[in-house]
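Here is the structure we will look at.
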Amino acid sequence: MGPRLRTSRAPFDRQEPLIKLLARRAGEIIDRDRGQQPGRDAEEVPLANVSLMTIATHILGRTGADVTILGYGAMELRGQPWGPAIADEDAGQLLNEVLDEGINLIDTSIDYGHSEELIGQYLVNRRDEYFLASKCGCLIGDPPAGATPPFPHDYSENNVRVGLEQSLRRLKTDHLDLLQVHISPSRAQMEADETIETLEALRDEGKIRFLGMSGTLPHLPDHIAMDVFDVFQIPYSAIQREHEDLITEALAAGAGTLIRGGVARGAPAEDKGWRQGPLGLAEGEGQRRWELSGVEHLLGEMSRHEFVLRFTLSHPALSSTIVGTSDIDHLRSNVAIAEKGPLPADLYREAKRRLEVASS
Ligand SMILES: NC(=O)c1ccc[n+]([C@@H]2O[C@H](COP(=O)([O-])OP(=O)(O)OC[C@H]3O[C@@H](n4cnc5c(N)ncnc54)[C@H](OP(=O)(O)O)[C@@H]3O)[C@@H](O)[C@H]2O)c1
């Protein structure tokens, strides 16, 4: 299932004519209500500055949704103390820019603090433009003071239902496109809690469209074998390849694949300089793998950040990678990188070989 170039930046279920796109981006027409976002009046953008590049899309497994290979992960909007400081208005501008740039997939969670409310507040009038994914099993209300993620989870019917109702209220919508079981519980845990039965009932009630699993080793192979999940959310990047083959298996089983950690938490980017690393790896391990591989010598003019994102996009079984950012310039640069698509085949092959050695 390879990438398919679109002729416009379209919502996941309908195409926007190119001429309308140009007019909209040039500030000649603003044909929809922009909700509560301040300062969003039509701006004069010279046509010469309008980029005709688009982000490729893939079909998200058996959901059939046509999603951009770059999605948006909204965890960075959770607010302090767990996330960066960001004013509500800035978050609103960022979220609208996500859609204006053509991204049509947003991932959030009850566990991401203020994130769901911001999406509800600032994208309420654009709900049909994107595929909306959230999570279940998280406890409602704020985590205890001083607690650090991952927070405790409860996959019982009551908690899943009250969590979903809270998400729908916060997100100002009557349905989620995807509800993902958070934190990769065992099959035995979900059977004891009758979690799948609950999710199927919620789907029958029209409150969610598809079932997902945020899965990791050791339980992910079992999750795929259960054959009930339409989408898997899986961590992966050039320096975190533990789930590489399982991504392929998930797609082969008919599911969509959402890659998280697809830019290795920005660790290799110049502004981060390895001060943080991918979730799930010991401190310093990502940098150790990178340096040991010598992959940097292959990059030429390409930045480390561009290489890492395009490496993720090169995974043949990727549906989309939900990259997180709280910075509008980073968002735009990620879009520009995603528009370039996967790495050249020879670079990808050699980089994989070198990174393989460093990861073993
Ligand atoms: N299911 C789960 O258990 C789970 C766990 C974690 C995450 N997630 C989901 O996956 C999404 C992404 O996960 P993630 O945050 O772990 O990984 P990620 O997308 O690889 O990394 C996000 C980090 O990269 C930085 N970044 C992004 N673009 C950048 C750029 N152009 N230049 C420099 N830095 C850049 C961001 O910092 P800036 O703000 O400075 O740009 C942010 O700190 C989350 O938002 C969330 O939706 C799910």
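Quick note: the coordinates plus some simple rules give every number you see, no bench work behind them. As the structure is a computational prediction, the values presented were derived from the model and not from experiment. Cβ coordinates were reconstructed from backbone atoms using ideal geometry, including for glycine residues, and neighbour counts include every protein chain displayed.
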*Quick check, is ILE110 of a type in the set (A, V, I, L, M) and touching a Ser or Thr at 6+ places or on another chain (Cβ under 7 Å)?*
yes
*Spot the failing condition for LEU281; the list is (1) crowded, with 21+ Cβ neighbours inside 10 Å; (2) in a loop (DSSP other than H, G, I, E, B); (3) in contact (Cβ under 8 Å) with a residue 60 or more places away in the chain, and only one is missed.*
(3)
*What's the number of the condition LEU298 fails, among (1) within 16 Å of the ligand (Cβ to nearest atom); (2) more than 27 Å from ILE224 (Cα to Cα); (3) in contact (Cβ under 8 Å) with a residue 24 or more places away in the chain?*
(1)
_Single match in GLN93, GLN80 (criterion: free of Cβ contacts under 8 Å to residues at least 60 places away in the same chain and within 15 Å of the ligand (Cβ to nearest atom))_ = GLN80
*May I ask you to list the residues in region 294-334 that are more than 21 Å from LEU95 (Cβ to Cβ) and part of a loop (DSSP other than H, G, I, E, B)?*
GLY294, LEU299, GLY300, GLU301, MET302, SER303, SER314, HIS315, PRO316, ALA317, LEU318, SER319
*Across region 301-353, which residue is nearest to the ligand (Cβ to nearest atom) among those that are surrounded by fewer than 17 Cβ atoms within 10 Å (Cβ to Cβ) and of a type in the set (Lys, Arg)?*
ARG332
*Take region 76-115 and flag every residue that is closer than 17 Å to LEU258 by Cβ and not hydrophobic (A, V, I, L, M, F, W, C).*
GLU76, ASN104, ASP107, THR108, SER109, ASP111, TYR112, SER115
*asked:* Considering only region 172-183, I want to know if a residue exists there that is part of a helix (DSSP H, G or I) and in contact (Cβ under 8 Å) with a residue 12 or more places away in the chain.
replied: no
